[in-house]
Amino acid sequence: MIQMAPLIRADLEGLDARDALAPLRERFTLPEGILYLDGNSLGALPKATAARVAQVIEAEWGKDLIKGWRQHGWMALPSRVGEKIARLVGAEPGQVVAVDTTSINLFKLLAAALRLKPGRKTILSEAGNFPTDLYIAQGLAELLGSGYRLRLVEKDEILDAIDGDVAVVSLTHVDFKTAEIHDMAGITAHAQAKGALMLWDLCHSAGAVPVALDRCRADLAVGCGYKYLNGGPGAPAFLYVARRLQEALEQPLTGWLGHADPFAFEPHYRPAAGIARTVCSTPSVLGLAALECGVDAMLAADFAALNAKSTALTELFIRLIEERCSTFGFTLASPREAVRRGSQVSLRHRDGYAIVQALIARGVIGDFRAPDYMRFGFAPVYLRYVDVWDAVEHLRRVMAEAAWQRAEFQSRAAVT
Ligand SMILES: Cc1ncc(COP(=O)(O)O)c(C=O)c1O
């Protein structure tokens, strides 16, 4: 067996010096003294955002008032930003819009999927899916009544569970707790062979891992704007409907801006052609302006290179944990194999909550998900290799000095 020499910090300084993506970090505001490993929860602030949002407020809204809708293309923002996101998720034009929230988009598309498959009454998902994906499906099934249901299975049971009653399989592509990646092409093909539709939640994928919605022949997808797309807290989300389904798609939130002719103010709803029928309401102009800056920052990078760096950062973190923190009782919760892992590494530890709080107190921001997952996100667009070294070094000290045992790190806050 070949033994690798343990890494030292200077090795990583060398990697940063040779990193062609390093200048991208300059596009972001990163507070001094903070190691930000939580871009999987809330992306960092692009430097362009404050000026752009100020411009929309002061120059567009402030000076042009209602004329802004026409003069500044506000009404087109959902499709303009949607088309940019489409490039990050492997979708040809005309299939993505940036609207509403992930939960609302899930509601619209799950309901639409059930209508596309009359006679089938099951939404199939995995028990470990993100709670909102499950709660929205439960709420929808209860609203519809008459036999509609959400069926939950374990990850390894999904394929076998797709039977003749499943209308739609709803899964999160990159697992929010472990960063494990589902086989999008394989599961989609299997679901469709069984007559079901396939919906993917891309919250932890868009801007983080390669996604090829069109190539995988996905039917429907949703995702948020505030994680790896850096759109800011509560940024608008996005949705995707494959072109082949659009003309038959009926979504239940039939707001006026999904109407074929909104300014005709007709008393009856007629859906707009194409993806526009998935829009419900007046666009969130300020939110979309900020989201566009975040998406532009991602589009400025070569995505293959970004993905290679994301893999290198997560590999490095795992290696350093194994080399420098092996005695502290951490278990790796993310797949060891890089192609099966998103841009995040999760470790499990009985005292994970307090350890994460002790790290935050030292300026290393990760987060915690019950019961015992410590999550560390590695956004390649603004993180350096030395950041990974420094984060592991802080973790080693928190453990070696038992700093996490201090009373102030024990009580749970409402947001973890
Ligand atoms: C997989 C997944 N879906 C959905 C959401 C959140 O949905 P919403 O933007 O509606 O709050 C999250 C948030 O972390 C998520 O991880």
Ranked I360, I321, criterion: other C-beta atoms within 10 Å, fewest first: I360, I321
Amide H within-cut-off set for V97, under 5 Å, with H built and near neighbours excluded: L239
Karplus (6.51, -1.76, 1.60) ³J(HN,Hα), θ = phi - 60°, over the range 59-66, in Hz, Gly and Pro reported as x: 7, 7, 5, x, 9, 9, 6, 5
Helix-only mean residue ellipticity at 222 nm for the chain, each DSSP H run of n ≥ 4 adding -39500 (n - 2.57), per residue, nearest 500: -10500 deg cm²/dmol
Student exercise, the range 281-346 dipole from Lys, Arg, Asp, Glu Cβ charges, in Debye to nearest 20: 260 debye
For N129, distant residues with modelled amide H under 5 Å away: none
Gain upon complete extension [F263, E26; 0.36 nm per residue less C-alpha separation]: 81.0 nm
DSSP bridge orientation in the chain - percent antiparallel, rounded to nearest 5: 55 percent
29 Å Cα-Cα reach of K47 towards lysines, excluding residues that sit fewer than 8 places from it in its own chain: K63, K67, K84, K227, K309
Chain lengthening between I34 and W256 when straightened (0.36 nm per residue, less Cα-Cα): 75.5 nm
Spatial separation of Cα centroids for the range 337-416 and the range 231-291, in angstrom: 38 Å
Simple Cβ-charge dipole of the range 1-128, Lys/Arg +1 and Asp/Glu -1, about Cα centre, in debye nearest 20: 820 debye
Neighbourhood net charge (11 Å Cβ-Cβ; Lys/Arg +1, Asp/Glu -1) for A22: +1
Options V174, G145, M184, ranked by Cα towards positive dipole end of the range 133-188, top entry (Cβ charges): G145
Karplus 3J(HN,Hα) series, Hz, for the range 316-323 with 6.51 cos²θ - 1.76 cosθ + 1.60 (x for Gly, Pro): 4, 4, 4, 4, 5, 4, 5, 6
³J(HN,Hα) computed for each position of the range 263-280 - Karplus, 6.51 cos²θ - 1.76 cosθ + 1.60, integer Hz, glycine/proline x: 8, 7, 6, 6, x, 10, 7, 10, x, 5, 6, x, 5, 4, 6, 8, 6, 10
Alpha-carbon centroid distance for the pair the range 187-213 / the range 89-156, whole angstrom: 13 Å
Cβ crowding within 10 Å averaged over residues, with 150-162, 122-134, 190-202 ranked highest first: 190-202, 122-134, 150-162
Magnitude of the charge dipole, the chain, Cβ model with Lys/Arg +1 and Asp/Glu -1, debye to 20: 360 debye
Length released on extending from A10 to I66, taking residue separation times 0.36 nm less the Cα-Cα span: 14.5 nm
Sorted peptide list for 79-89, 55-65, criterion being average Cβ within 10 angstrom, highest first: 79-89, 55-65
Cross-link partners of K121 among aspartates and glutamates (Cα-Cα below 15 Å; sequence separation of 8 or more within a chain): E142, D163, D165
FRET efficiency for Q138 and R80, using Cβ-Cβ distance with R0 set to 41 Å, rounded to 0.05: 0.75
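Each reported figure results from applying straightforward, stated rules to the coordinates on display, with no laboratory input. Computed from a predicted model, the values in this text were never measured in an experiment. Every residue, glycine as well, gets a Cβ built from its backbone with ideal geometry; the counts of neighbours run over all protein chains shown.
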